[in-house]
Structure formats: C-alpha cells, structure tokens
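Below is one structure, written out as structure tokens; the observations come after it.
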Amino acid sequence: MNQEFFVAKQNKVKLLLSTIFLITISAIAFYYLHRGPDQSSLRIVLREGYLFYPIFGFGLVLLLALSVGGLYRLISGAKGLTVNHEGIDLNGSLLVKWNDIAALEHYEDFTSSHLTGYKIILKDPEGYLSAHKQHPLYKKMVSNQKSISTPVAVYTNSLNMDHARFNSVVDHFLRKNA
C-alpha cells in the first residue's frame, strides 16, 4: 500500500443533485421575475416592485453563480482533499504543511451532526494565523480558531474517501515528520 499519497475527490452525485436543485430554484426565481409583482399578494415582498425586483434579481444572479460553480467543479473533477509529502491540501485553496501540524482529530460540527470531518491541530495556531493574514480564508480561519480552537477544519461530507486509508497516510506523515 502506497503510504505517500492520498486523494479524496468530490462526491459527484451530491454535487450533481445540489447543482440541479440550484438550477431549479433559479428557474423559479426567473419565473417570478418574468411574471412580475403580484398586486393581490398579502406579502409585501411579492406585491411591491421596489422590493420584488431587487430581491428576486439578486437571488437569481446568486443562484446562477452557485450553479455555474457547481457545474464547473463537476466537469473539472476538482480535488477535494490531497495528502502528500508537502502536507494536507484542501481543494487547492490551502496547504497545511507537516511541520505546522501537531495532530488530527475527528470532528463533528456542533451546529449539525451531519457535518463531520477532521480538525487539524496546529503546533502554533497564532503563528499560523499571523503568517496567513493575506489569505482569502483568513476570516474563516480566525472564526474556526475562536469556535473550535484550531484555524483549520476539513469537512468530509461531500468527499468520496476511505477514512481508514486517510488516517493511515496522515499517521505515516505525522510519524515521519515528528
């Protein structure tokens, strides 16, 4: 068994279903925009044009952007998680190097038992945060530090992965870099 490399890809079925859902909601928003405000509605948002058009227009643009992003990820086959000799790469957006990692812990989000993954326990979380102040995910890392006591968490719900193999590869590199 190769202990030097692990890749977890996106779950294409979940990604496809969520993209279809977003496209469906986009179609509904488009229908409402095409139809226009309903003067007989009891809801002010559906009755008054000054509220109706900005809300449904912004919603349509946002939902279409998310749909396009989902389709792009589906077609491009974006990696979800890569573990190699450099460290743990989170979808190409953040690389956590082995010399920064102290341990990995299984994690279940307190907001929902369906959000599970791993907390990457860092040797120096404050130093890691100060080194990544310009990173686009900096605010999320600070929020994670406050709520779960580590800046980096990996949610694995939308990934096709073998957890046992992932744990063995991570253990291999943690022992190697200890």
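The set of residues in the stretch 89-138 that are open to solvent by less than 50 Å² (accessible area, probe 1.4 Å), among the acidic types (Asp, Glu) and assigned to a loop (DSSP other than H, G, I, E, B) contains only Asp109. The selection criterion, being in a helix (DSSP H, G or I) and either hydroxyl-bearing (Ser, Thr, Tyr) or open to solvent by 60 Å² or more (accessible area, probe 1.4 Å) (or both), does not hold for Phe52.
Each residue in the stretch 1-43 was checked for being open to solvent by 60 Å² or more (accessible area, probe 1.4 Å), outside any strand (DSSP E or B) and within 30 Å of Asp171 (Cα to Cα), and 7 of them qualify.
Can you tell me how many residues in the stretch 139-157 are surrounded by fewer than 17 Cβ atoms within 10 Å (Cβ to Cβ) and not basic (Lys, Arg)? Count: 7. Test Leu46 against the stated conditions and say whether it is open to solvent by less than 50 Å² (accessible area, probe 1.4 Å), in a helix (DSSP H, G or I), touching a residue at least 40 places away in the same chain (Cβ under 8 Å) and among the hydrophobic types (A, V, I, L, M, F, W, C). For Leu46, the condition - open to solvent by less than 50 Å² (accessible area, probe 1.4 Å), in a helix (DSSP H, G or I), touching a residue at least 40 places away in the same chain (Cβ under 8 Å) and among the hydrophobic types (A, V, I, L, M, F, W, C) - is not met.
Do you know which residues across the stretch 139-178 are outside any loop (DSSP other than H, G, I, E, B) and among the charged types (D, E, K, R)?
Hits for the stretch 139-178 are Lys139, Lys140, Lys146, Arg165, Asp171, Arg175, Lys176.
Kindly check whether there is at least one residue in the stretch 67-81 that is aliphatic (A, V, I, L, M), closer than 19 Å to Leu137 by Cβ and either part of a loop (DSSP other than H, G, I, E, B) or open to solvent by 60 Å² or more (accessible area, probe 1.4 Å) (or both). Working first, answer last.
Filtering the stretch 67-81 down to residues aliphatic (A, V, I, L, M) leaves 68, 71, 74-75, 78, 81.
Then drop every residue that is not closer than 19 Å to Leu137 by Cβ, which leaves 78, 81.
Retained after the next criterion (residues that are either part of a loop (DSSP other than H, G, I, E, B) or open to solvent by 60 Å² or more (accessible area, probe 1.4 Å) (or both)): 78.
The answer is yes, given that some residue of the stretch 67-81 is aliphatic (A, V, I, L, M), closer than 19 Å to Leu137 by Cβ and either part of a loop (DSSP other than H, G, I, E, B) or open to solvent by 60 Å² or more (accessible area, probe 1.4 Å) (or both).
The values are calculated or read from the model by the stated rules, or taken from the named source; none is laboratory data. Bear in mind the structure is a predicted one, so any value in this text is a computation, not a measurement. FYI the Cβ positions are ideal-geometry reconstructions off the backbone, even for glycines, and counts take in every protein chain you see. To get the accessible areas, we keep the full protein, side chains included, count just its heavy atoms, and leave off ligands, DNA and RNA. Shrake-Rupley method; radii C 1.70, N 1.55, O 1.52, S 1.80 Å.
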